[in-house]
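Report on one structure; see the data block that follows.
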Amino acid sequence: MSCPGGWAAAVPDPALSVSLRQDSPIPLDVALACAPGELLALVGPSGSGKSTVLRCIAGLHRPAMGRILCGGETWFDDDARIDRPAHRRRVGFVFQNYALFPHMTALENVTAAMQGVSRAERDARGRAILERVHLGGLEERRPAALSGGQQQRVAVARALARDPAVLLLDEPFSAVDRATRKRLYRELAELHGTLGMPVVLVTHDLEEAALLSDRLCILHRGRTLQEGPPLEVMARPASPDVARLIDIRNIFEGRVLEHRETCTLVAWRGHVLEAAPRADVAAGSVVPWCIPASGVLLHRRDRPSRGERENPVAGRVAEFVPLGENASMVVLADGSPDAPLALSVPVHVAHRNAVSVGVEVTVSLLADSIHLMPRI
Amino acid sequence: MDWTALGLSLRLGGATCLVLLPIGIVLGRLLAWGRFRGRGFVEALLTLPLVLPPTVLGYYLLVAFGGSSPAGRLYEAMFGSTLVFTFEGLLAASVLVNLPFAIQPMQRAFEAVPGEVREAAACSGMAPLQVLRRIDLPLAWPGIVTGMVMTFAHTLGEFGVVLMVGGSLPGETKTIAIAIYDRVQAFDEGAAGAMSAFLLASSLAALGITYVLSGRVGRRRA
């Protein structure tokens, strides 16, 4: 009959693959991919173009150049002059404010997204989907009579009702209160495990992205800066820009001295720091490095302890702000305003050590947390 | 009471509404959501009948419909008669005069439909005509009805343009507003009074319906 190669070619690639370029109204230079069943989080500050990327995928915004492939179909290709209208792209889109149809009940909102299905089947499937998002019993309510969290669930149900080739979530948790948000996180994580299509989540909240996603994509001024598993991106930002975006405040420059078996030695302000090994960075080169606040440890002031030999740095406390159980601190390394080290300590520890602004302290920079970011 | 004139007026009002319903929906949506060059100019042009003296408008229509203008000649070549002093001419004039009354309430109602809701409809797989039927019309219908009611009531009361374009031929172009003027000139106070009372009541009813419906649009949005 047919050769194995021909058979393989006939199976459509269900993944999502996107490349976009435009100069205005928002500059975009984006390339990303998302496998079936994978949740990709697009993270960036407001104005970074992340919502525009989502709108391009859905066909609500037309980029100047690029290609969008999904579910084995070409949705957009400026070379081939393909631009499928939004209603012919099989997407499930959850809008930031849900954009439910205000004149329809919850059930009608869901069944409205089922085209070409018989009335009886629509009804049964709509009820099943609402049941799946824990809205059983609320089928006949209008959106105005539902709480924020319930509206979000209807929006998710409506997005799933079309049996979409890709699920697009645009800041779906920003319009609900904190407690509801936590519950919706759990529900999405649970739902995600049962979905077979690529899921793209747009958010400005890095914690949310790290919590929910399989892969992060950091977007800044319309460009994809780094892509990878959340822990990988958070621990090893590719550049100072990414480090700043993931809220690492301790970014400095140092000179690589030599590579040892267990560490790389870096000269910084007269200190020789042991850093996580990076044999790929040439000795002698000057590179930016960063360390998250969690990698800076405060020494006990009353008696020395074991960890003190690990990259000890002395300095003066310039800022001390208790925020709940933890206090956020800035220590000027060597007393210099050019080298502010941000760290966080439990408030009780700070009190025991009599930490206040102006006090001299020493800290350790954990070698494993010092991350070099060679320019590529 | 001049029943022929009243019947003619009702017929004219109904026909004007029928012609303006699709025009209003198309132009109202276009003006509510369309971004195109010359949009301000189009809006000004459509609002013009509100501020232009009816006699000025009537004069230009008379010239345009007449046998000496290209449009008038074209119509005459196609249908064998001119538009002047006919019901068809009156209808054409009535449609033009009522453009702002029909379009503006519809445009406001369509503007009140959130853009995201329409995008959500497209992302739910609805083709543009389905979006119109299932989203736009159900959400904007109070504005559409308002436009129709205003058009109908205004057509009943229109005087200047009708007199200029239609003359006052009984059964053909003599509407109730003109009949009132006629009766007053003939010192027939009774008939003029009865017809005036009818127009007053119908106008009041139209405005009542309009305000009830616009309150409904406001609630929907909240």
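Here are some notes:
- Elements of the type helices (runs of 4 or more DSSP H) sitting completely within the range A:150-240 and holding at least 3 residues that are out of contact with any helix residue (DSSP H, G or I) (no Cβ under 6 Å at 6 or more places or on another chain) and closer than 20 Å to residue A:54 by Cβ: these cover A:178-192, A:206-212.
- Count of the range B:135-162 residues, restricted to those that are surrounded by fewer than 20 Cβ atoms within 10 Å (Cβ to Cβ) and within 14 Å of another protein chain (Cβ to nearest Cβ), is 3.
- Candidates A:25, A:36, A:45: the one that is within 14 Å of chain B (Cβ to nearest Cβ), part of a loop (DSSP other than H, G, I, E, B), surrounded by fewer than 18 Cβ atoms within 10 Å (Cβ to Cβ) and modelled with pLDDT under 95 is A:25.
- Whichever residue in the range B:102-126 is in contact (Cβ under 8 Å) with a residue 12 or more places away in the chain and closer than 19 Å to residue A:158 by Cβ and, among such residues, is nearest to the other protein chains (Cβ to nearest Cβ): B:117
- Residue check, residue B:181 part of a helix (DSSP H, G or I), hydroxyl-bearing (Ser, Thr, Tyr) and without any contact (Cβ under 8 Å) to a residue 12 or more places away in the chain: no
- A single member of B:99, B:129 is part of a helix (DSSP H, G or I) and more than 14 Å from chain A (Cβ to nearest Cβ), and it is B:99.
- Which listed residue, of B:200, B:163, is free of Cβ contacts under 8 Å to residues at least 40 places away in the same chain and out of contact with any Asp or Glu (no Cβ under 8 Å at 6 or more places or on another chain): B:200
- Applying the set (1) over 22 Å from the mean Cα position of the chain (by Cα); (2) surrounded by 13 or more Cβ atoms within 10 Å (Cβ to Cβ); (3) at pLDDT below 95 to residue A:80 leaves exactly one unmet item: (2).
- Restricting the range A:106-131 to residues that are part of a loop (DSSP other than H, G, I, E, B) and within 13 Å of chain B (Cβ to nearest Cβ), the residue that is nearest to the chain's Cα centre (by Cα): A:113
- In this structure, residue A:158 does not satisfy being under 30 Å from residue A:68 (Cα atoms), of a type outside the set (A, V, I, L, M, F, W, C), surrounded by fewer than 24 Cβ atoms within 10 Å (Cβ to Cβ) and within 14 Å of chain B (Cβ to nearest Cβ).
- Restricting A:103, A:134 to residues that are away from chain B (no Cβ under 14 Å) and either in a loop (DSSP other than H, G, I, E, B) or over 31 Å from the mean Cα position of the chain (by Cα) (or both) narrows the list to A:134.
- Condition met for residue A:281 (hydrophobic (A, V, I, L, M, F, W, C), outside the structural domain of residue A:152 (by TED's automatic domain parsing) and buried (at least 18 other Cβ atoms within 10 Å of the Cβ)): yes
The values are calculated or read from the model by the stated rules, or taken from the named source; none is laboratory data. Model, not experiment: these values are computed from the prediction. For neighbour counting, all protein chains shown are included, and Cβ atoms are generated from backbone atoms with ideal geometry for every residue, glycine included.
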